[in-house]
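Here is the structure we will look at, set down as structure tokens.
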Amino acid sequence: MGEKVKYLVLLGAGAVLGSAATVAIFKLLPRRVGRQCTNVEAANELNDHKFSENKNHGATGPDLLMDEIVSEQLTRNIQFFGLEHQKKVVSSYVVVIGLGGVGSHAASMLLRSGVGKLLLVDFDQVSVSSLNRHAVATREDVGTPKALCLKKHFSTIFPECNVDAKVQLYDSSSEDEILSGNPDFVLDCIDNIDTKVALLAACVRRGLKVVSATGAGARADPTRIHVADLRESTNDPLSRAVRHRLRKDHGIEGGIPVVFSSEKPKAKLLPFKGPSGEEENPSDYQIVPGFRVRIIPVLGTIPAIFGQVMASYVLTQLAELQVHMEPVVNFDMDHYRVLHQRLIEHEELQFGTAIEVQVDVEEVMYIAKELWHGRSSRDQSLKDVGRGMWRSINELILIRWDRKKPASVSNLILLKFQEADEHESRSLEDIKDQEPEYFSRVTSVLKRAELDFGL
């Protein structure tokens, strides 16, 4: 009998707690129920091709984070960036051009991370074959313009975002319409060379921040995906062509961050076959002049990762979170061992002993790769990339920045032999007086090493 009473008491207590929790939740949600109904109606209108602007009837900009549901949805971002920095993300305006496998994933994560205003641009439609890599499209979306497809789905994920969708091709005639409004960032996810070059040149000319995606097709290794300057991208035919055109047609040498894969493509464009099944000239079937008709094999995971990397890069920039991207340096461990041994021999020659060498081979790798990007601390150019950097190791040596301090991770610079001789013949006070910019740059880099190693 006692056990039965205890059971009934526990059951009653559980019911009371459940009722209390339900009441608490419904106190938060009544205004949201109406909003969810509005979202369903908006989605239906989109499916009927009656597209209208997203309307946020509540708070806007940084005030959005005062909304209980929004702040809960973005709570992990707020914890990561901090409230004030997440406000910068929520107040930002980002343009994404090209909404395929790369662009759809980039746009989706920007939305989920709280970007307050998005402009989505693509002239193309969702196809059945694109479902292997698109971020949100379903079979029901096949035939729908990609921009409108994203807008429809986005309205159910983060309805507070002001999403504008343009079903059009980016070119010189649409530049003002698409790039006006002073966007905080532009994402170039276009795979056509002419359009890509025109967009990047326009962004540079207008002083807009832009990040560009290069070729994601025919790759399979996610560990070879990098973020670097356009000049550093290797093994990518699209990057090579864009670099050439930007330099030739617009005088742009670099300065544009790109997401690229250093993996050699695993496949080539497939031959184009017409309705007869015979190989034909693909240009005869182009809907838009200059756009690729032939198909390149794509493993859907790689463009998705490209898009996620682009979104991560943009979000950290918007939130002003300093992230040091891993440089593209083609040294292997043998090269770092050479640098380490060369340092020891130089210390013995200069100071009669190597007792004050306080770094091992792994720390030499950090210094050469992370701090100096495989170049002399005096060389800010990016000309020695790819195979050229393998040869440059023969010209480099690690030496102390300040001769009075030990050869530690925060006191070693990479120089060419002749530069090293010159450096050791001068005092730091002399360098500071005569080359203040160089002095400031080096001390800033070495300060980073102190922070990274907690010195």
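For the stretch 65-112, what D do you get in µm² per second when you plug the Kirkwood radius from alpha-carbon pairs into Stokes-Einstein at 37 °C and 0.692 mPa s? Answer, rounded: 278 µm²/s. Once the Cβ-Cβ distance of D194 and D164 is raised to the sixth power relative to R0 = 30 Å, the FRET efficiency obtained is 0.75. The alpha-carbon of K117 sits under 13 angstrom from the alpha-carbons of these aspartates and glutamates, leaving out residues fewer than 8 places away in its chain: E53, E160, D164, D184. When the surface is traced with a 1.4 Å probe over the full set of protein chains, E72 keeps roughly 120 Å² accessible. Near the amide H of L412, within less than 5 Å, lie the amide hydrogens of W401, all on another chain or at least 5 residues away, with H placed in the peptide plane. Couplings for the stretch 342-359, taken from phi via the Karplus curve 6.51 cos²θ - 1.76 cosθ + 1.60 with θ = phi - 60°, read 5, 5, 4, 5, 5, 4, 4, 5, 7, 10, x, 7, 10, 5, 8, 7, 10, 10 Hz in order; Gly and Pro are left as x. Roughly how many whole Å is it from the C-alpha centroid of the stretch 122-185 to that of the stretch 196-219? Rounded to whole Å, the Cα centres lie 17 Å apart.
Highest mean first, the peptides 146-154, 308-316 sorted by other C-beta atoms within 10 Å per residue fall in the order 146-154, 308-316. Extension gain for Q341-S440 works out to 32.8 nm (0.36 nm per residue, less the C-alpha to C-alpha distance). Using the Cβ-Cβ distance between V361 and R139 with R0 = 56 Å, the FRET efficiency computed as 1/(1 + (r/R0)^6) comes to roughly 0.55. The protection proxy used here, the mean number of other Cβ atoms lying within 10 Å of each residue, ranks peptides 131-143, 243-255 as follows, highest first: 131-143, 243-255. So the label point goes 7 Å from the Cα of D63 along Cα→C-beta, right? Which residues of the stretch 184-201 then have their backbone N under 13 Å from it? Flagged as within label range: none. With 0.36 nm allotted per residue and the present C-alpha distance subtracted, the N132-F453 stretch has 111.3 nm of extension available.
The values are calculated or read from the model by the stated rules, or taken from the named source; none is laboratory data. Note that the coordinates shown come from a computational prediction; the quantities given were computed from them, not determined experimentally. Every residue, glycine as well, gets a Cβ built from its backbone with ideal geometry; the counts of neighbours run over all protein chains shown. Accessible surface is based on the protein model in full, side chains and every heavy atom, while ligands, DNA and RNA are left aside. Shrake-Rupley method; radii C 1.70, N 1.55, O 1.52, S 1.80 Å.
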